[in-house]
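Engineer: The structure under discussion is supplied below as structure tokens; questions concerning it will follow.
The values are calculated or read from the model by the stated rules, or taken from the named source; none is laboratory data. Keep in mind that this is a model prediction, so the values were computed, not measured. Backbone-built Cβ (ideal geometry, glycine too); neighbour counts: all protein chains shown. The protein model used for the area step is the full one, side chains on, heavy atoms only, and it has no ligands, DNA or RNA in it. Shrake-Rupley method; radii C 1.70, N 1.55, O 1.52, S 1.80 Å.
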Amino acid sequence: MMDTASRSIGKELLRASGLVRRFGGLVAVNEVSLNVTHREIVGLIGPNGAGKTSLFNILSGQLGPDSGNVSFAGQDITGASASVCARAGIGRTFQIVKPLVSLTVHENVTVGALLNYPLATAREKAEEIIGRVGMRSLLDQQAGSLTLESRKRLELARALSIEPRMLLLDEILAGLNASEINESIHLIRSFAHQDGLAVIMIEHNLHAVMSLADKVIVLDYGRKIAEGKPEVVVRDPAVVAAYLGSDD
Ligand SMILES: Nc1ncnc2c1ncn2[C@@H]1O[C@H](COP(=O)(O)OP(=O)(O)OP(=O)(O)O)[C@@H](O)[C@H]1O
Ligand SMILES: [Mg+2]
């Protein structure tokens, strides 16, 4: 079972302040600030279109913010490129999984490991990670021929391949069945508790968020409308109203 109480959550790893990102007249991310410490699991929730993926895109260098700033492990990474963010230790998955379809599972993960290692070592590291996410039997399978569940695991393995200090997981449980979800919950917990990674997970599955997260942040129309312990946040009237007002 979860044992967050006896687990020391470390010092600050990520500090984002006043992040704003506009698309034309739409403010997709509106004055969002958040702090994440080492080993912390943060649930990022909110209705469709709330700005969750856009916030990830800013934190991982896919999008520059219009204003605000981001520091990670003491380094200012505001507006830095995706490769700089990866080198700093931010690994992410994509909501729309995008493996290199013509490459094998092993090759897909090796590509990420090449960030830190020469080819032979990268291949070994990749194999370890693939085992960790339970895909060893699929090592030589072409990514394009995988089931959705396996593509999601591959996405996770690719995020881990850069040996991140923080993992950003964008709806990695969507489309999985109950037992696959439970396996993934155990895996995510082990990343934080055994490997010491910080995790921010965007997730519509509230059961998973409630069982994993040390802290939950709620976005609605780009703004942070609540932050705190999961059991408190889900009872917050503003959060309930945001969900009742959505299509979810
Ligand atoms: N590249 C873009 N260009 C224009 N608008 C965008 C772009 N990316 C996102 N948006 C808009 O910004 C808003 C926030 O989108 P975002 O994908 O961040 O939401 P989300 O919370 O991840 O939603 P979902 O739960 O559906 O994945 C939406 O209105 C979306 O249409
Ligand atoms: Mg999204």
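Engineer: Length gain on complete extension for the stretch H207 to I181, per 0.36 nm per residue less the alpha carbon to alpha carbon distance?
Structural biologist: On the way: separation 26, 0.36 × 26 = 9.36 nm, distance 1.00 nm.
Going from the current span to full extension adds 8.4 nm.
Engineer: Over the chain, calculate the relative contact order: mean separation of alpha carbon pairs under 8 Å at least 6 apart, over the residue count, as a percent. Numbers along the way, then the final one.
Structural biologist: Details: 490 pairs, mean separation 64.9, N = 248.
Rounded, it is 26 percent for the chain.
Engineer: Something else about it: Using θ = phi - 60° and the Karplus relation 6.51 cos²θ - 1.76 cosθ + 1.60, list the HN-Hα couplings for the stretch 228-237 in order, rounded to whole Hz, with x at every Gly or Pro.
Structural biologist: Those phi angles translate into x, 5, x, 5, 7, 4, 5, 9, 5, x Hz.
Engineer: Under 23 Å between alpha carbons, and skipping anything fewer than 8 positions from K11 in its own chain: which lysines qualify?
Structural biologist: Qualifying lysines at Cα under 23 Å: K215, K224, K229.
Engineer: Given the rule -39500 (n - 2.57) for each run of at least 4 DSSP H residues, summed and divided by the residues of the chain, what is its mean residue ellipticity at 222 nm, to the nearest 500 deg cm²/dmol? The partial results should precede the final answer.
Structural biologist: Numbers: 9 runs with 86 residues, N = 248.
Rounded to the nearest 500, the figure is -10000 deg cm²/dmol.
Engineer: In whole Å, what are the extents of the chain along the principal axes defined by its C-alpha atoms, from largest to smallest?
Structural biologist: Answer, in whole Å and largest first: 50, 38, 37 Å.
Engineer: Where the convex hull is taken over the Cα atoms of the stretch 46-105, what is its projected area averaged over directions, in nm²?
Structural biologist: Numbers: hull surface 21.7 nm².
For the Cα atoms of the stretch 46-105, the hull's average projected area reads 5.4 nm².
Engineer: Please report the carbon-and-sulfur percent of the accessible area for the chain; probe 1.4 Å, protein heavy atoms only, DNA, RNA and ligands left out.
Structural biologist: Numbers: 5750 of 11130 Å².
Answer for the chain: carbon and sulfur cover 52 percent of the accessible area.
Engineer: Which of A238, A126, A157 moves the most in a Gaussian network model of the chain with Cα springs under 10 Å?
Structural biologist: A238
Engineer: Provide the three semi-axes, in whole Å and in decreasing order, of the ellipsoid equivalent to the stretch 125-248 as defined by the square roots of 5 times the Cα gyration tensor eigenvalues. Walk me through the intermediate numbers first.
Structural biologist: On the way: eigenvalues 176, 52, 29 Å².
Semi-axis lengths for the stretch 125-248 are 30, 16, 12 Å.
Engineer: Before I look further, what does the chain give for accessible area per residue, probe 1.4 Å, in whole square angstrom?
Structural biologist: Numbers: 11130 Å² over 248 residues.
Accessible surface, normalised per residue, equals 45 Å².
Engineer: Among F23, F56, F94, determine the one that fluctuates most according to a GNM of the chain built with springs between C-alpha atoms less than 10 Å apart.
Structural biologist: F23
Engineer: Something else about it: Tell me, what is the percent relative contact order of the stretch 90-163, built from C-alpha pairs under 8 Å that lie six or more residues apart? Don't jump to the answer; show the numbers that get you there.
Structural biologist: Working: 102 pairs, mean separation 36.2, N = 74.
Reported relative contact order: 49 percent.
Engineer: Then there is this: Where a Cα-Cα gap under 13 Å defines reach, which aspartates and glutamates qualify for K152, not counting those fewer than 8 residues away within the same chain?
Structural biologist: Straight-distance partners of K152: D170, E171, E180, E183.
Engineer: Further question: Given the Cα-Cα distance of A238 and E128 and 0.36 nm per residue of separation, how much length would full extension add, in nm? Don't skip to the answer; put the middle values down first.
Structural biologist: On the way: separation 110, 0.36 × 110 = 39.60 nm, distance 4.37 nm.
Using 0.36 nm per residue and subtracting the Cα-Cα distance, I get 35.2 nm.
Engineer: At 1.4 Å probe size, what's the solvent-accessible area of D195? Round to the nearest 10 Å².
Structural biologist: D195 has an accessible surface of roughly 80 Å² with all protein chains in place.
Engineer: Sticking with this one: Projecting each Cα onto the charge dipole of the stretch 1-149 (Lys/Arg +1, Asp/Glu -1 at the beta carbon, about the Cα centre), which of F23, V105, F56 comes out farthest on the positive side?
Structural biologist: F23
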